[in-house]
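Down below is the structure, laid out as structure tokens.
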Amino acid sequence: AQKVTQAQTEISVVEKEDVTLDCVYETRDTTYYLFWYKQPPSGELVFLIRRNSFDEQNEISGRYSWNFQKSTSSFNFTITASQVVDSAVYFCALSEGFSGTYKYIFGTGTRLKVLA
Amino acid sequence: NAGVTQTPKFRILKIGQSMTLQCTQDMNHNYMYWYRQDPGMGLKLIYYSVGAGITDKGEVPNGYNVSRSTTEDFPLRLELAAPSQTSVYFCASSSYSLNPTGTEAFFGQGTRLTVV
């Protein structure tokens with residue numbers, strides 16, 4: 001069965017600190033996709049990154065970086081030099097490709113508070 | 001650039017009333033989804049559709065119904081509103097793809113529903 005676990009309910013950091021948000025997933029499929037979304041206080045869901053199970057390359061986009069490790073079923077998200085605008089709830093999600101439905105299963109989210 | 005549009009944005013219902021949450025997308029996506037987000041929680045899948053005329057239950061379908069008569073529209077119906085249905089409802093869509101890069105879900109702005 002699909003499952004996404006975000007064990008960190010809430011994290012508080014001071015501005016300019018680095019912070020890592022953890023995501024652990026479970027799936028029986030060999031083809032699957034992982035995602036991170038940001039939900040700012042305004043409530044909308046903002047797509048951040050997509051990664052497929054064939055590609056374990058880490059990715060960096062500005063202050064954001066993602067570490068995908070199939071061996072530990074983890075897809076962690078690091079924000080470098082955090083800023084107040086990074087304060088939001090961050091969701092990790094999993095979608096299994098060949099089940100044919102592309103359902104997106106979400107973790108419970110990690111609330112990040114960046115203090116000035 | 002409309003993307004996924006949900007109406008209404010806010011609604012207060014009395015117990016036992018019915019209503020339809022509207023969702024339309026202009027990206028010609030095959031797949032559409034309804035999620036609910038309870039306070040401090042992740043997103044739970046209510047119903048999804050893989051194409052016009054095809055719908056299926058998600059994780060929490062009780063108390064809801066859907067239809068998909070066109071590719072663009074995927075309304076969610078609450079027949080007898082209950083306080084437990086107080087939540088934020090998100091509609092999403094994605095394109096079916098066997099491309100190894102997969103595809104993310106695009107979300108609407110959400111509907112905040114309160115049942116009193």
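The values are calculated or read from the model by the stated rules, or taken from the named source; none is laboratory data. Just so it is clear, the structure is predicted and the values come from calculations on it, not from any experiment. For neighbour counting, all protein chains shown are included, and Cβ atoms are generated from backbone atoms with ideal geometry for every residue, glycine included.
Structure values in brief
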read-out	value
Candidates A:Phe77, A:Phe54 - the one that is at the interface with chain B (Cβ under 8 Å from one of its Cβ atoms) and among the hydrophobic types (A, V, I, L, M, F, W, C)	A:Phe54
Residue check for A:Glu59: surrounded by fewer than 19 Cβ atoms within 10 Å (Cβ to Cβ), more than 12 Å from the chain's Cα centre (by Cα) and facing another protein chain (nearest Cβ under 9 Å)	no
Subset tally (residues that are farther than 17 Å from B:Gln109 by Cα and in contact with a Gly (Cβ under 9 Å, 6 or more places away or on another chain)) for the range B:68-96	11
Cross-chain or 6+ apart pairs with Cβ under 9 Å, the range A:36-57 first and on the phi > 0 side of the Ramachandran plot, then surrounded by fewer than 19 Cβ atoms within 10 Å (Cβ to Cβ) and charged (D, E, K, R)	A:Gly43/B:Arg112
Selection count, the range B:6-29, where residues are modelled with pLDDT of 95 or more, among the polar types (S, T, N, Q) and within 10 Å of B:Glu72 (Cβ to Cβ)	2
Some residue of the range A:30-40 being under 18 Å from B:Met41 (Cβ atoms) and surrounded by fewer than 17 Cβ atoms within 10 Å (Cβ to Cβ)	yes
Any strands (runs of 3 or more DSSP E) falling wholly within the range B:1-101 and containing at least 1 residues that are surrounded by 20 or more Cβ atoms within 10 Å (Cβ to Cβ)	B:4-7, B:19-25, B:31-37, B:43-51, B:64-66, B:76-78, B:87-94
In the range A:1-19, the residues that are surrounded by fewer than 16 Cβ atoms within 10 Å (Cβ to Cβ) and modelled with pLDDT of 95 or more	A:Thr5, A:Ala7, A:Thr9, A:Glu10, A:Ser12, A:Val14, A:Glu15, A:Lys16, A:Glu17, A:Asp18
Meets criteria (crowded, with 20+ Cβ neighbours inside 10 Å, touching a helix residue (DSSP H, G or I) at 6+ places or on another chain (Cβ under 8 Å) and not in a loop (DSSP other than H, G, I, E, B)) for B:Leu113	yes
Candidate set: the range A:6-20, residues that are touching a residue at least 60 places away in the same chain (Cβ under 8 Å) and in a strand (DSSP E or B); chosen: the one farthest from A:Val89 (Cα to Cα)	A:Val14
Residue within the range B:15-24 that is under 14 Å from B:Val88 (Cβ atoms) and not charged (D, E, K, R) present	yes
Every pair of residues 6+ apart whose Cβ atoms lie under 7 Å, when the first sits in the range B:25-39 and is within 11 Å of chain A (Cβ to nearest Cβ) while the second is of a type in the set (Asp, Glu) and in a loop (DSSP other than H, G, I, E, B)	none
